[in-house]
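Working notes, structure below.
The values are calculated or read from the model by the stated rules, or taken from the named source; none is laboratory data. All figures in this text were calculated on a predicted structure; none of them were measured in a lab. Quick reminder, even Gly has a Cβ in these numbers, built from the backbone with ideal geometry, and neighbours come from all protein chains shown. Side chains included, ligands, DNA and RNA excluded: accessible areas come from the protein's heavy atoms. Shrake-Rupley method; radii C 1.70, N 1.55, O 1.52, S 1.80 Å.
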Amino acid sequence: MIKISRLIHDYIQRDEEGNPSGTIRALDDISLDVEPGQFIAILGHNGSGKSTLAKHLNALLFPTEGAVWVNGLDTRDQNLIWDIRQTAGMVFQNPDNQIIGQVVEEDVGFGPENMGVPTQEIWNRVEESLKAVGMYEYRKKSPNRLSGGQKQRVSIAGVIAMHPRCIVMDEPTAMLDPSGRADVINAAMTLNREEGITIILITHYMEEAIRADRIFVMDEGKVAMQGTPREIFSRVEEMQALHLDVPQVTLLAHTLRQRGLSIPEGILTREELAEALLGGN
Ligand code: ADP
Ligand code: MG
């Protein structure tokens with residue numbers, strides 16, 4: 001679905017007059033592959049390059065060096081930009097900046113309409129997309145009256161209506177309360193598991209990464225760690241050195257283990273911890 005080869009991204013810094021004064025290397029030799037249908041989480045502290053990477057997947061930025069292919073489409077080819085954006089939809093942090101329609105269903109129909117999808121087909125897609133994120137009953141409402149989590153689900157519906165193979169979500173839950181966060185993550189999970197849409201979720205909530213097929217941890221523009229959630233969250237000290245947490249229950253299990261209890265590293269859920277504690281006795 002995605003192939004990144006030796007990607008480097010330099011931003012040009014400018015002085016007060018707007019003249020180039022230097023460069024910032026935001027991505028430093030990134031190589032990675034994502035298989036179709038995977039649920040990927042990308043973690044990393046602020047400034048590690050996550051958003052820059054996300055923008056490369058949507059052809060919003062172009063490689064300084066190296067290359068990015070989205071479903072085989074090379075982002076360096078200007079003629080492919082619209083195909084790429086249609087293949088990999090993007091959901092951003094702030095739902096208020098993404099909703100433009102006055103009515104939910106109209107907002108969701110905007111993308112397919114711009115793509116020239118026939119009217120009847122647009123209505124089918126709007127219905128199916130709103131149902132997929134659990135927002136169908138709000139289709140006649142004004143987006144202004146929705147909660148943050150509901151708005152974000154409408155944004156996701158707007159992306160789904162364009163029938164992307166892949167959705168890149170850049171901290172989609174950062175501005176939401178816990179229940180809105182859970183709804184958005186569950187909607188993403190459902191799209192992945194039931195529709196086979198590849199999901200790339202950038203988040204700083206470790207709990208949201210637990211169910212990913214694979215995690216990439218970024219640091220200073222590089223992929224510092226990669227593996228399954230269990231592999232990544234087993235490496236508690238390394239994560240802490242990168243100024244990242246592990247899920248609370250993982251940390252508790254790690255601490256108990258250090259104190260001498262015989263439980264494995266990489267406990268991800270309360271059930272697993274209970275099992276590990278009771279199983280040994
Ligand atoms: P993250 O999303 O992980 O917080 P970003 O990709 O936003 O990281 O930023 C990576 C680095 O690139 C940071 O050092 C940031 O300051 C820099 N950067 C991001 N956007 C720009 C820009 N438009 N111009 C110059 N530097 C930028
Ligand atoms: Mg960011």
Flag for ASP177 being in contact (Cβ under 8 Å) with a residue 24 or more places away in the chain, away from ligand 1 (no atom under 14 Å from the Cβ), on the phi < 0 side of the Ramachandran plot and surrounded by fewer than 21 Cβ atoms within 10 Å (Cβ to Cβ) = yes
Does LEU268 satisfy the condition of being open to solvent by 10 Å² or more (accessible area, probe 1.4 Å), of a type in the set (A, V, I, L, M) and more than 16 Å from ligand 1 (Cβ to nearest atom)?
yes
Within the stretch 94-104, residues in a loop (DSSP other than H, G, I, E, B), out of contact with any strand residue (DSSP E or B) (no Cβ under 9 Å at 6 or more places or on another chain) and not small (Gly, Ala, Ser) come out as ASN94, ILE99, ILE100, GLN102, VAL103
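The rows are residues; the columns are (1) closer than 20 Å to ARG193 by Cβ; (2) among the small types (Gly, Ala, Ser); (3) part of a loop (DSSP other than H, G, I, E, B).
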{"site": "GLU106", "(1), (2), (3)": "no, no, no"}
{"site": "GLY109", "(1), (2), (3)": "no, yes, no"}
{"site": "PRO112", "(1), (2), (3)": "no, no, no"}
{"site": "GLN120", "(1), (2), (3)": "no, no, no"}
{"site": "VAL126", "(1), (2), (3)": "no, no, no"}
{"site": "SER129", "(1), (2), (3)": "yes, yes, no"}
{"site": "GLN150", "(1), (2), (3)": "no, no, no"}
{"site": "ILE167", "(1), (2), (3)": "yes, no, no"}
{"site": "ALA174", "(1), (2), (3)": "no, yes, yes"}
In the stretch 28-66, anything within 22 Å of PRO172 (Cα to Cα), polar (S, T, N, Q) and in contact with an Asp or Glu (Cβ under 9 Å, 6 or more places away or on another chain) is listed as GLN38, SER48, SER51
Within the stretch 74-87, residues over 20 Å from the mean Cα position of the chain (by Cα), more than 19 Å from ASN114 (Cβ to Cβ) and open to solvent by less than 80 Å² (accessible area, probe 1.4 Å) come out as ASP74, ASP77
Out of (1) away from ligand 2 (no atom under 16 Å from the Cβ); (2) open to solvent by 50 Å² or more (accessible area, probe 1.4 Å); (3) closer than 16 Å to GLN152 by Cβ; (4) touching a Gly at 6+ places or on another chain (Cβ under 9 Å), the one ARG214 does not meet is (3)
Within the stretch 18-27, restricting to residues that are touching an Asp or Glu at 6+ places or on another chain (Cβ under 8 Å) and open to solvent by 50 Å² or more (accessible area, probe 1.4 Å), the one that is farthest from ligand 2 (Cβ to nearest atom) is SER21
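Which strands (runs of 3 or more DSSP E) does the stretch 195-280 wholly contain that include 1 or more residues that are in contact with a Pro (Cβ under 9 Å, 6 or more places away or on another chain)? Explain how you work it out, then say what you get.
Details: elements: 198-202, 214-219, 222-227.
Answer list for the stretch 195-280: 198-202, 214-219.
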Q.
Condition (residue is small (Gly, Ala, Ser), touching a residue at least 40 places away in the same chain (Cβ under 8 Å) and either within 16 Å of ligand 2 (Cβ to nearest atom) or within 15 Å of MET1 (Cβ to Cβ) (or both)) applied to the stretch 78-96: is it met by at least one residue?
A. yes
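Can you name the residue in the stretch 35-57 that is in contact with a helix residue (DSSP H, G or I) (Cβ under 9 Å, 6 or more places away or on another chain) and either open to solvent by 10 Å² or more (accessible area, probe 1.4 Å) or in a strand (DSSP E or B) (or both) and is also farthest from ligand 2 (Cβ to nearest atom) among such residues? Talk me through it step by step, then tell me what you get.
Step one: list which residues in the stretch 35-57 are in contact with a helix residue (DSSP H, G or I) (Cβ under 9 Å, 6 or more places away or on another chain), which gives 37-39, 41-44, 57.
Restricting the remaining residues to those that are either open to solvent by 10 Å² or more (accessible area, probe 1.4 Å) or in a strand (DSSP E or B) (or both) gives 37-39, 41-43.
Values: GLY37: 25, GLN38: 21, PHE39: 19, ALA41: 14, ILE42: 10, LEU43: 12 Å.
Among residues in the stretch 35-57 that are in contact with a helix residue (DSSP H, G or I) (Cβ under 9 Å, 6 or more places away or on another chain) and either open to solvent by 10 Å² or more (accessible area, probe 1.4 Å) or in a strand (DSSP E or B) (or both), the one farthest from ligand 2 (Cβ to nearest atom) is GLY37.
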